[in-house]
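Worksheet: one structure, shown below.
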Amino acid sequence: MEDQVLNMEADGMIPEGEYQSVKVNGNATNSGFVCANTIEIKGSATLKETVEAASITIDGDLSLTGIIRTEELIIRGNAEILGKIEAETIVIDGNCEIKDEVTAKTITIKGSAHIESVLTAEELKIELLLTGKDTIKASHMEVVGRIEFDGTIESEVFIAKAFHRGYVKTVKAGQIELMHPFFLMHPTSLFYRDIFTIDQVECNRIYAESIGISSIKAEDIELSKRCIVEDAEYLNSLTATENCRILNAEKIEEL
């Protein structure tokens, strides 16, 4: 890595090359491959080519149509991702729209993120808001904020301890734990209003409290605290407290 330091206070082009650091306070775009130890964007940047850095921090606005490869990506401003991202750690503390593949070891969403492509992570935590569609793949996924996802979540472990209403179309997991502290019965609806709902669940084991689920297929199912389930298929066991509602239950021979 060369010792070049690039500070851009006005509008301009980031020349192709290797840098120790790149700081953008104006409006910048890159004309070719850029490699740096650190990149800080406090103004706005449109990255059309490949960018590699140990650390990238976005405090302003980013539009990405190229490729980012980094150890750490921190988004505290606004980002539109139309290109691919490969990272070790991603922290979204601002607003981010993802329309191409993102792959990381750990992703933490403290702000808001909208997904319309495949998001892959070993560890994924939603602290505020995640919306979108397509596919999420994770080893461990935890939701403590709100999620509205019209797509499929594939995770070895999926945990949702949501204090807000939410929705997921499909969850496929090994182990699932779902809890929601609020439950209010809507007089004309099967499901409770203002709670977390899932259309389809496929897993080995699920424990759920105050959740609405259309369909569950699992080895073991445990329901508590006013869960409502339309259809439950179980291989080994199905247990539910008296205040839960299961419209249809069937013991199956195989998953």
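Observations
- Which listed residue, of 156, 142, 177, is closer than 20 Å to residue 221 by Cβ, among the acidic types (Asp, Glu), open to solvent by less than 60 Å² (accessible area, probe 1.4 Å) and modelled with pLDDT of 95 or more: 177
- Residue in region 14-29 that is closer than 21 Å to residue 103 by Cβ, of a type in the set (Gly, Ala, Ser) and in a strand (DSSP E or B) present: no
- Restricting attention to region 214-255 and to residues that are at pLDDT below 95 and in a strand (DSSP E or B), the residue that is least open to solvent (accessible area, probe 1.4 Å) turns out to be 228.
- Failed criterion for residue 98 (all others in (1) under 26 Å from residue 157 (Cβ atoms); (2) open to solvent by 30 Å² or more (accessible area, probe 1.4 Å); (3) at pLDDT below 95 hold): (2)
- Residue in region 36-52 that is modelled with the lowest pLDDT, counting only those that are under 17 Å from residue 16 (Cβ atoms), buried (at least 23 other Cβ atoms within 10 Å of the Cβ) and in contact with a Lys or Arg (Cβ under 9 Å, 6 or more places away or on another chain): 51
- Scan of region 102-137 for residues that are open to solvent by 40 Å² or more (accessible area, probe 1.4 Å) and outside any strand (DSSP E or B), ordered by number: 110, 116, 127, 128
- Residue count for region 67-77 satisfying the condition of being open to solvent by 10 Å² or more (accessible area, probe 1.4 Å) and aliphatic (A, V, I, L, M): 2.
- Counting the residues of region 78-93 that are outside any strand (DSSP E or B) and either open to solvent by less than 10 Å² (accessible area, probe 1.4 Å) or hydroxyl-bearing (Ser, Thr, Tyr) (or both) gives 1.
- Residues that are out of contact with any Phe, Trp or Tyr (no Cβ under 8 Å at 6 or more places or on another chain) and in a strand (DSSP E or B) within region 1-13 comprise 7, 8, 12, 13, listed in sequence order.
- Lone unmet requirement of (1) closer than 28 Å to residue 140 by Cα; (2) over 13 Å from the mean Cα position of the chain (by Cα); (3) of a type outside the set (D, E, K, R) for residue 50: (1)
- Residue in region 56-66 that is farther than 25 Å from residue 108 by Cβ and open to solvent by less than 30 Å² (accessible area, probe 1.4 Å) present: no
- Region 199-212, subset in a strand (DSSP E or B) and at pLDDT below 95, residue surrounded by the fewest Cβ atoms within 10 Å (Cβ to Cβ): 209
The values are calculated or read from the model by the stated rules, or taken from the named source; none is laboratory data. Every value quoted in this text rests on a predicted model; they were computed, and no experiment measured them. Cβ atoms come from the backbone with ideal geometry, glycine included; neighbour counts cover every protein chain shown. To get the accessible areas, we keep the full protein, side chains included, count just its heavy atoms, and leave off ligands, DNA and RNA. Shrake-Rupley method; radii C 1.70, N 1.55, O 1.52, S 1.80 Å.
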